Amino acid sequence: MRVLLIGAAGQFGQRIAAGLAREPGFSLILAGRTLASLQRLRGELAATAAATLDAQTIDVDGAQWVERLRALAPDLVIHTAGPFQTRDYELARACVALGAHYIDLADAREFVTGIGALDAEARAAGRWVITGASSVPALSSAVVDAFAPRFARLQRLESAISPGNRTDRGLATTRAILGYVGRPYRALIDGQWRAVHGWQSQQIWHSAELGKRWVGRCEVPDLDLLPARWPTLAHCDFRAGLELRRMHYGLWLTSWAVRFKLIRNLAAWASPLLAISRYWQGLGSDRGGMRVLLEGAALDGGCLRIDWQLVAGHGDGPQVPATAAVLLARKIARGELPGAGATPCIGLLSLAEFVAAWSGFDIRTSVSESLTPR
C-alpha cells in the first residue's frame with residue numbers, strides 16, 4: 001500500500017510515521033511543506049524501517065496541490081495538518097476522485113459531523129473517507145462502546161483530556177483550541193440542549209496519578225455524535241485543561257474577554273500565545289491523561305458508574321491521538337475494513353485494539369466502578 005502522510009514532520013505526523021514505517025509491504029511517503037525536515041525524519045526512521053520510505057513536498061494550502069497529489073499516486077492519504085476548523089472537504093474529495101482512501105485527525109465538530117456529505121461519492125468509488133481518527137471521537141467512542149453493554153440505559157457521559165505541560169504542542173492544535181475559547185456552542189446538558197461557552201464551567205478532575213487537574217468546556221464532535229449513537233443519553237459533556245494553573249486560568253480569563261466581545265479572534269493570537277506557553281514548558285510534568293465517565297441504569301437495577309482513565313507518561317501523550325490512523329491504515333491494507341463510505345471514526349476500532357497498540361509506550365489505563373442500589 002502506497003501511503004501519503006501529509007504533515008509527517010508535525011507532532012502527530014512523526015508518531016504516525018514511526019508506526020507505519022514498521023509495516024512491511026507499505027510504501028510510505030513522508031509529505032509536507034519543508035523537504036529538509038522530511039528528509040531528516042526519513043533518515044531517523046530508515047535504520048529500523050520495514051516499509052520503503054520517501055520524502056516529498058506538498059502544500060495542500062498552496063497552488064496546484066491536486067496535480068501534485070495525482071503525481072504522487074497514493075492508495076491512502078493520511079492528513080494530519082490542521083486545524084480542521086478552517087478546512088473544507090476538497091482534499092478528501094480529490095482523494096476519492098483519484099481512487100485513494102482518506103483518513104484525517106480532525107476534532108473540529110462541524111467538519112467531522114458533516115463528513116457524510118461525501119458518503120455517496122466514497123461508496124461509488126469503493127473507498128473510505130474517515131475523519132476524527134484521534135482521541136475524539138475515535139478513542140472516546142471506543143471507550144463508550146466497550147462499556148455501554150453494561151448499562152440497561154446509558155444516561156450520562158463526561159469526558160476530559162489534560163496533557164502534561166512538558167509535552168510538546170503544535171501551532172495547529174493551539175489554533176484549534178483558541179478557536180472555541182469563550183465562544184458559545186450547543187451541548188446536551190441535564191436533558192436539554194443548551195448554549196455553553198468554551199473553556200468555562202470549570203471542574204476539578206482528581207486523578208490518583210496526575211493529582212488535581214482543572215478542566216473547562218470544549219467543543220468537540222462527540223457532543224453531536226455520541227447522543228446520536230446512544231439516544232438514551234440525557235447528558236454529554238467534554239472538557240480539557242492545561243496542567244499549569246497560570247496558563248489554564250489565563251485562558252479562562254481570556255474566554256470572558258471573547259464572550260463579551262472584547263476580543264474578536266483569539267486564534268489570531270496563536271503564535272505569540274504558543275511562544276509564551278513554550279517559555280514555561282520546563283515546568284510541570286510530562287504526564288497527561290484522559291477520562292471517560294459513564295453513568296446510567298445497571299442491567300440488574302440500581303445506578304452504575306464506570307470511570308475509565310488513561311495516564312501517559314514520559315511525553316507519550318501525543319501517541320494517543322496518533323494511534324487511530326495507524327490502526328486504520330493497517331486494517332485497510334489487510335482487507336480487515338470491508339465496505340466503503342464517508343464517516344466519522346466511530347465503530348471502526350475497538351478499545352482493545354487501542355490498548356494493544358500502546359504496548360511499548362508509557363500509556364496505562366484503569367477502570368473503577370460503583371453500583372448504587374435503587
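Among GLN14, SER207, ILE346, whose Cα lies farthest out toward the positive end of the dipole of the chain, if unit charges sit on the beta carbon of Lys, Arg (+1) and Asp, Glu (-1)?
In the chain, that residue is SER207.
Determine ³J(HN,Hα), in whole Hz, for all residues of region 116-121 in sequence, where each value follows from phi through the Karplus function 6.51 cos²θ - 1.76 cosθ + 1.60 and θ = phi - 60°; x replaces Gly and Pro.
x, 4, 9, 4, 4, 5
Indicate the gyration tensor shape class of region 275-335 (rounded, prolate or oblate), computed on the Cα atoms with a ≥ b ≥ c the square roots of the eigenvalues: a/c under 1.5 is rounded; otherwise a/b larger than b/c is prolate and the rest oblate.
Judged from the Cα gyration tensor, region 275-335 comes out oblate (a/c at least 1.5, b/c at or above a/b).
Do the sum for the chain: with -39,500 (n - 2.57) for every DSSP H run of n ≥ 4, divided by all residues, what is the mean residue ellipticity at 222 nm, to the nearest 500 deg cm²/dmol?
On the way: 13 runs with 124 residues, N = 374.
Helix contribution divided over all residues of the chain: -9500 deg cm²/dmol.
Roughly how far apart, in whole Å, are the Cα centres of region 1-52 and region 194-248?
Here the answer is 33 Å between Cα centres.
Just report the Cα centroid separation between region 320-370 and region 97-135, whole Å.
The distance from the Cα centre of region 320-370 to that of region 97-135 comes to 17 Å.
In the chain, with Lys and Arg counted as +1 and Asp and Glu as -1 at Cβ, which of these residues, THR113, ILE177, GLY126, has the Cα nearest the positive end of the dipole, that is, farthest along it?
The one lying farthest along the dipole's positive direction is ILE177.
Roughly how many nanometres apart are two label points built 7 Å out from the Cα toward the Cβ at ARG123 and SER271?
4.5
With +1 on the Cβ of every Lys and Arg and -1 on the Cβ of every Asp and Glu, and nothing else charged, how large is the dipole of region 119-249 about its Cα centre, in debye rounded to the nearest 20? Could the numbers behind the result be given before it?
Details: 18 positive and 12 negative charges, 67 e Å.
My answer is approximately 320 debye.
Only bridges with both residues in the chain count here: give the DSSP antiparallel percent, nearest 5.
Among the beta bridges of the chain, antiparallel pairing accounts for roughly 55 percent.
Which parts of region 1-34 would a label at ASP59 reach, counting a residue when its backbone N lies under 15 Å from a point 7 Å out along Cα-to-Cβ?
The answer is 7, 32-34, whose backbone nitrogens lie closer than 15 Å to the label point.
Over the chain, what is the relative contact order in whole percent, taking alpha-carbon pairs under 8 Å and six or more residues apart?
20
Can you compute the FRET efficiency between PHE260 and TRP193 using 1/(1 + (r/R0)^6), with r the Cβ-Cβ distance and R0 = 25 Å? Round to the nearest 0.05.
Result of the calculation: an efficiency of 0.60.
Assigning unit charges at the beta carbon (Lys, Arg +1; Asp, Glu -1) and nothing else, what dipole magnitude in debye, to the nearest 20, does the chain show about its Cα centre?
760
Quick note: the coordinates plus some simple rules give every number you see, no bench work behind them. Computed from a predicted model, the values in this text were never measured in an experiment. Cβ coordinates were reconstructed from backbone atoms using ideal geometry, including for glycine residues, and neighbour counts include every protein chain displayed.
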